[in-house]
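Following: one structure in C-alpha coordinates, then a few remarks.
The values are calculated or read from the model by the stated rules, or taken from the named source; none is laboratory data. All values reported here derive from a predicted model rather than from experimental measurement. Here the Cβ is made from the backbone with ideal geometry for all residues, glycine too, and neighbour counts use every protein chain on show. Protein only, heavy atoms only, side chains kept; ligands, DNA and RNA dropped before computing areas. Shrake-Rupley method; radii C 1.70, N 1.55, O 1.52, S 1.80 Å.
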Amino acid sequence: MIDLDPGKWLRRYRPAPEAAVRLVCFPHAGGSAAFYRPVATAHSSGADVVVLQYPGRQDRHREPLPTSIDEYAEAITTVLAAEPELPTVFFGHSMGALLGFEVAHRLEHGAGMPPRALVASGRRAPGTVRDEQVHLLDDEGLLADVRTLNGATSALEDEEIVRMSLPAIRNDYRAVETYPPRRDRVVDCPITVLIGDEDPKSTVDESMRWKEHTTGAFRLRTFRGGHFYLVDQAAAVNTELTEELTALR
(Lines give C-alpha, C1' and ligand atoms only; values in the text may rest on other atoms or scores of the structure.)
Protein backbone atom coordinates (compact mmCIF):
# COMPACT_ATOMS: atom_id res chain seq x y z
CA MET A 1 0.00 0.00 0.00
CA ILE A 2 1.35 3.42 -0.95
CA ASP A 3 1.97 5.73 2.01
CA LEU A 4 0.25 9.09 1.42
CA ASP A 5 1.94 10.98 4.26
CA PRO A 6 2.69 14.45 2.79
CA GLY A 7 5.82 14.63 4.93
CA LYS A 8 7.29 11.77 2.95
CA TRP A 9 6.27 13.01 -0.50
CA LEU A 10 6.94 16.75 -0.29
CA ARG A 11 10.35 18.32 0.26
CA ARG A 12 10.90 22.01 0.82
CA TYR A 13 14.66 22.62 0.77
CA ARG A 14 14.22 26.37 1.15
CA PRO A 15 10.83 26.99 2.83
CA ALA A 16 9.09 30.22 1.81
CA PRO A 17 5.88 30.39 3.85
CA GLU A 18 5.02 33.91 2.65
CA ALA A 19 5.38 33.12 -1.06
CA ALA A 20 2.53 34.09 -3.36
CA VAL A 21 3.20 31.35 -5.95
CA ARG A 22 4.30 27.72 -5.90
CA LEU A 23 6.60 25.59 -8.06
CA VAL A 24 6.11 21.81 -7.87
CA CYS A 25 8.97 19.71 -9.27
CA PHE A 26 8.50 16.13 -10.53
CA PRO A 27 11.72 14.05 -10.81
CA HIS A 28 12.67 11.73 -13.67
CA ALA A 29 12.60 7.91 -13.68
CA GLY A 30 14.81 6.63 -10.88
CA GLY A 31 15.41 10.20 -9.75
CA SER A 32 15.07 11.65 -6.29
CA ALA A 33 14.06 15.01 -4.86
CA ALA A 34 17.72 15.92 -4.38
CA PHE A 35 18.08 16.39 -8.15
CA TYR A 36 15.99 19.57 -7.85
CA ARG A 37 17.80 21.09 -4.88
CA PRO A 38 19.54 23.68 -7.15
CA VAL A 39 16.14 24.63 -8.60
CA ALA A 40 14.76 25.11 -5.10
CA THR A 41 17.73 27.29 -4.22
CA ALA A 42 17.31 29.39 -7.37
CA HIS A 43 13.62 30.14 -6.83
CA SER A 44 13.08 30.04 -3.07
CA SER A 45 13.22 33.83 -2.71
CA GLY A 46 9.98 34.23 -4.64
CA ALA A 47 8.19 30.88 -4.64
CA ASP A 48 7.14 28.01 -2.44
CA VAL A 49 9.28 25.34 -4.12
CA VAL A 50 7.95 21.84 -3.46
CA VAL A 51 9.93 18.85 -4.72
CA LEU A 52 8.38 15.41 -4.85
CA GLN A 53 10.20 12.48 -3.28
CA TYR A 54 8.89 9.23 -4.76
CA PRO A 55 8.81 5.97 -2.77
CA GLY A 56 11.68 3.53 -3.24
CA ARG A 57 14.62 5.92 -3.09
CA GLN A 58 16.91 7.44 -0.47
CA ASP A 59 15.06 7.73 2.85
CA ARG A 60 12.01 5.99 1.28
CA HIS A 61 13.93 3.05 -0.21
CA ARG A 62 12.10 0.44 1.88
CA GLU A 63 8.63 1.55 0.80
CA PRO A 64 6.61 -0.21 -1.93
CA LEU A 65 6.83 1.34 -5.38
CA PRO A 66 3.85 2.54 -7.44
CA THR A 67 3.70 0.20 -10.41
CA SER A 68 2.29 2.53 -13.07
CA ILE A 69 2.11 6.19 -14.06
CA ASP A 70 -1.54 6.16 -13.04
CA GLU A 71 -0.75 4.79 -9.57
CA TYR A 72 1.93 7.44 -9.11
CA ALA A 73 -0.44 10.15 -10.34
CA GLU A 74 -3.30 9.11 -8.06
CA ALA A 75 -1.05 9.24 -5.00
CA ILE A 76 0.53 12.56 -5.93
CA THR A 77 -2.87 14.10 -6.70
CA THR A 78 -4.13 13.14 -3.25
CA VAL A 79 -1.07 14.64 -1.57
CA LEU A 80 -1.05 17.90 -3.55
CA ALA A 81 -4.81 18.41 -3.28
CA ALA A 82 -4.38 18.81 0.49
CA GLU A 83 -1.84 21.64 0.13
CA PRO A 84 -2.89 25.26 0.78
CA GLU A 85 -4.05 26.83 -2.47
CA LEU A 86 -1.55 28.96 -4.37
CA PRO A 87 -1.14 29.76 -8.07
CA THR A 88 1.14 26.93 -9.14
CA VAL A 89 3.51 25.89 -11.91
CA PHE A 90 4.27 22.18 -12.44
CA PHE A 91 7.78 21.36 -13.70
CA GLY A 92 8.51 17.76 -14.62
CA HIS A 93 11.47 16.17 -16.39
CA SER A 94 11.13 12.93 -18.41
CA MET A 95 8.83 10.64 -16.40
CA GLY A 96 8.13 13.71 -14.27
CA ALA A 97 6.65 15.47 -17.31
CA LEU A 98 4.11 12.66 -17.74
CA LEU A 99 3.31 12.74 -14.04
CA GLY A 100 2.86 16.50 -14.07
CA PHE A 101 0.45 16.16 -16.97
CA GLU A 102 -1.55 13.34 -15.38
CA VAL A 103 -1.76 15.09 -12.00
CA ALA A 104 -2.81 18.35 -13.68
CA HIS A 105 -5.58 16.49 -15.51
CA ARG A 106 -6.81 14.90 -12.30
CA LEU A 107 -6.79 18.18 -10.39
CA GLU A 108 -8.74 19.85 -13.18
CA HIS A 109 -11.39 17.17 -12.90
CA GLY A 110 -11.60 16.74 -9.15
CA ALA A 111 -10.80 18.22 -5.76
CA GLY A 112 -7.84 20.50 -5.38
CA MET A 113 -6.39 23.48 -7.18
CA PRO A 114 -5.01 22.65 -10.64
CA PRO A 115 -1.74 24.19 -11.85
CA ARG A 116 -1.81 27.39 -13.84
CA ALA A 117 0.98 26.15 -16.12
CA LEU A 118 2.86 22.94 -16.94
CA VAL A 119 6.51 22.90 -17.98
CA ALA A 120 7.24 19.50 -19.56
CA SER A 121 10.94 18.74 -20.02
CA GLY A 122 12.68 15.93 -21.89
CA ARG A 123 9.58 13.92 -22.74
CA ARG A 124 7.62 13.34 -25.90
CA ALA A 125 3.86 14.01 -25.89
CA PRO A 126 1.48 11.66 -24.03
CA GLY A 127 -0.18 10.55 -27.27
CA THR A 128 3.00 9.37 -28.98
CA VAL A 129 4.01 5.71 -29.18
CA ARG A 130 7.38 3.93 -29.14
CA ASP A 131 8.04 0.24 -28.63
CA GLU A 132 10.42 0.42 -25.67
CA GLN A 133 11.23 -2.58 -23.49
CA VAL A 134 14.31 -1.44 -21.59
CA HIS A 135 12.75 -2.47 -18.28
CA LEU A 136 12.94 -6.12 -19.44
CA LEU A 137 16.74 -6.02 -19.92
CA ASP A 138 19.16 -7.43 -17.36
CA ASP A 139 20.84 -5.05 -14.91
CA GLU A 140 23.77 -4.28 -17.20
CA GLY A 141 21.46 -3.56 -20.12
CA LEU A 142 19.32 -1.28 -18.01
CA LEU A 143 22.31 0.63 -16.68
CA ALA A 144 23.75 0.94 -20.18
CA ASP A 145 20.58 2.69 -21.32
CA VAL A 146 20.65 5.02 -18.32
CA ARG A 147 24.27 5.94 -19.07
CA THR A 148 23.48 6.80 -22.69
CA LEU A 149 21.17 9.55 -21.45
CA ASN A 150 24.13 11.54 -20.09
CA GLY A 151 22.71 11.66 -16.61
CA ALA A 152 24.54 11.48 -13.30
CA THR A 153 26.80 8.70 -14.55
CA SER A 154 29.40 9.21 -11.84
CA ALA A 155 26.86 8.09 -9.24
CA LEU A 156 26.27 4.93 -11.26
CA GLU A 157 29.89 3.91 -10.73
CA ASP A 158 29.27 3.53 -6.99
CA GLU A 159 28.24 -0.08 -6.43
CA GLU A 160 26.21 0.69 -3.30
CA ILE A 161 24.26 3.45 -5.02
CA VAL A 162 23.64 1.18 -8.01
CA ARG A 163 22.39 -1.62 -5.80
CA MET A 164 19.99 0.67 -3.98
CA SER A 165 18.82 2.51 -7.11
CA LEU A 166 18.24 -0.35 -9.56
CA PRO A 167 14.81 -1.44 -8.26
CA ALA A 168 13.47 2.12 -8.49
CA ILE A 169 15.04 2.69 -11.91
CA ARG A 170 13.61 -0.53 -13.34
CA ASN A 171 10.21 0.10 -11.80
CA ASP A 172 10.03 3.62 -13.22
CA TYR A 173 11.16 2.48 -16.67
CA ARG A 174 8.39 -0.12 -16.59
CA ALA A 175 5.83 2.51 -15.54
CA VAL A 176 6.85 4.80 -18.41
CA GLU A 177 7.18 2.08 -21.04
CA THR A 178 3.78 0.58 -20.23
CA TYR A 179 2.04 3.98 -20.14
CA PRO A 180 -0.85 3.76 -22.64
CA PRO A 181 -0.91 6.58 -25.22
CA ARG A 182 -3.44 9.22 -24.15
CA ARG A 183 -4.16 10.80 -27.52
CA ASP A 184 -7.42 12.44 -26.44
CA ARG A 185 -6.39 13.62 -22.97
CA VAL A 186 -6.04 17.38 -22.61
CA VAL A 187 -5.52 19.93 -19.86
CA ASP A 188 -6.66 23.53 -19.78
CA CYS A 189 -3.42 24.99 -18.48
CA PRO A 190 -0.76 26.26 -20.91
CA ILE A 191 2.08 23.86 -21.67
CA THR A 192 5.70 24.85 -22.23
CA VAL A 193 7.97 22.09 -23.54
CA LEU A 194 11.75 22.13 -23.05
CA ILE A 195 13.97 19.57 -24.80
CA GLY A 196 17.61 18.91 -25.66
CA ASP A 197 18.39 18.93 -29.36
CA GLU A 198 20.20 15.57 -29.05
CA ASP A 199 17.74 13.82 -26.74
CA PRO A 200 17.28 10.18 -27.83
CA LYS A 201 14.03 9.96 -25.89
CA SER A 202 12.13 12.71 -27.71
CA THR A 203 12.41 14.28 -31.15
CA VAL A 204 11.24 17.80 -31.90
CA ASP A 205 8.25 16.40 -33.79
CA GLU A 206 7.27 14.16 -30.86
CA SER A 207 7.65 17.09 -28.47
CA MET A 208 5.60 19.42 -30.68
CA ARG A 209 2.67 17.06 -30.26
CA TRP A 210 2.25 18.27 -26.68
CA LYS A 211 0.33 21.06 -28.39
CA GLU A 212 -2.50 18.56 -28.94
CA HIS A 213 -2.85 18.10 -25.18
CA THR A 214 -3.78 21.61 -24.05
CA THR A 215 -6.64 24.00 -24.70
CA GLY A 216 -4.34 26.80 -23.58
CA ALA A 217 -1.19 28.34 -24.97
CA PHE A 218 1.72 26.21 -26.13
CA ARG A 219 5.36 26.85 -26.83
CA LEU A 220 8.47 24.75 -27.39
CA ARG A 221 12.05 25.67 -26.62
CA THR A 222 15.04 23.59 -27.70
CA PHE A 223 18.39 23.62 -25.89
CA ARG A 224 21.78 22.25 -26.81
CA GLY A 225 22.30 18.88 -25.16
CA GLY A 226 20.94 15.41 -24.59
CA HIS A 227 18.31 14.02 -22.28
CA PHE A 228 19.80 15.76 -19.24
CA TYR A 229 20.42 19.04 -21.04
CA LEU A 230 18.92 20.83 -18.03
CA VAL A 231 22.03 20.12 -15.94
CA ASP A 232 24.37 22.05 -18.27
CA GLN A 233 21.66 24.55 -19.20
CA ALA A 234 20.52 25.17 -15.63
CA ALA A 235 20.65 28.96 -15.83
CA ALA A 236 18.54 29.09 -19.01
CA VAL A 237 16.01 26.60 -17.61
CA ASN A 238 15.70 28.61 -14.41
CA THR A 239 15.05 31.71 -16.51
CA GLU A 240 12.16 29.86 -18.17
CA LEU A 241 10.76 28.89 -14.78
CA THR A 242 11.13 32.45 -13.49
CA GLU A 243 9.10 33.70 -16.43
CA GLU A 244 6.34 31.19 -15.73
CA LEU A 245 6.22 32.09 -12.03
CA THR A 246 6.33 35.82 -12.72
CA ALA A 247 3.33 35.48 -15.05
CA LEU A 248 1.32 34.04 -12.13
CA ARG A 249 2.06 37.04 -9.94
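At a glance:
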| read-out | value |
| --- | --- |
| Per-residue HN-Hα couplings for region 71-85 [Karplus 6.51, -1.76, 1.60; θ = phi - 60°; Hz; x = Gly/Pro] | 5, 4, 5, 4, 5, 5, 4, 4, 5, 6, 4, 8, 6, x, 6 |
| Residues with amide H under 5 Å from that of Val187, placed H, sequence gap 5 or more | Thr214, Thr215 |
| 222 nm mean residue ellipticity, helices alone, for the chain (DSSP H n ≥ 4; -39,500 (n - 2.57); rounded to 500) | -11000 deg cm²/dmol |
| Kirkwood hydrodynamic radius over Cα pairs of the chain, then Stokes diffusion coefficient at 37 °C and 0.692 mPa s, in µm²/s | 183 µm²/s |
| Average accessible area per residue (Å²) across the chain - probe 1.4 Å, nucleic acids and ligands excluded | 44 Å² |
| Net charge of neighbours whose Cβ lies under 12 Å from the Cβ of Leu118, counting Lys and Arg as +1 and Asp and Glu as -1 | -1 |
| Antiparallel bridges, percent of DSSP beta bridges restricted to region 1-145 (to nearest 5) | 10 percent |
| For region 180-247, the Rg and Dmax computed from alpha carbons only, in angstrom | 12.8, 34 |
| 5 angstrom amide H check on Leu10, placed H, neighbours 5+ away | Gln53 |
| Calculated SAXS-style log₁₀ I(q)/I(0) at q = 0.15, 0.18, 0.21, 0.26 Å⁻¹ - region 78-157, Debye, Cα scatterers | -0.70, -0.85, -0.97, -1.21 |
| Rg/Rh (Cα only; Kirkwood hydrodynamic radius) as it applies to region 67-120 | 0.93 |
| Cα-based equivalent ellipsoid, region 13-70: semi-axes from gyration tensor eigenvalues, Å | 25, 11, 10 |
| Inter-label distance for Arg147 and Arg185, nm, one decimal - labels placed 7 Å from Cα along Cα-to-Cβ | 3.4 nm |
| Table column - 3J(HN,Hα) (Hz), region 180-185, Karplus curve with 6.51, -1.76, 1.60, x for Gly and Pro | x, x, 10, 5, 9, 8 |
| Karplus-derived HN-Hα couplings along region 6-13 (A = 6.51, B = -1.76, C = 1.60, θ = phi - 60°), whole Hz, x at Gly and Pro | x, x, 8, 7, 10, 10, 10, 6 |
| For Val50, distant residues with modelled amide H under 5 Å away | Leu23, Val24, Cys25 |
| DSSP beta bridge pairing in the chain, given as percent antiparallel to the nearest 5 | 5 percent |
| Protection-proxy order for peptides 28-38, 121-131, 57-67, each taking the mean of Cβ atoms within 10 Å per residue, highest first | 28-38, 121-131, 57-67 |
| Of all accessible heavy-atom area on the chain, the percent that carbon and sulfur account for (1.4 Å) | 51 percent |
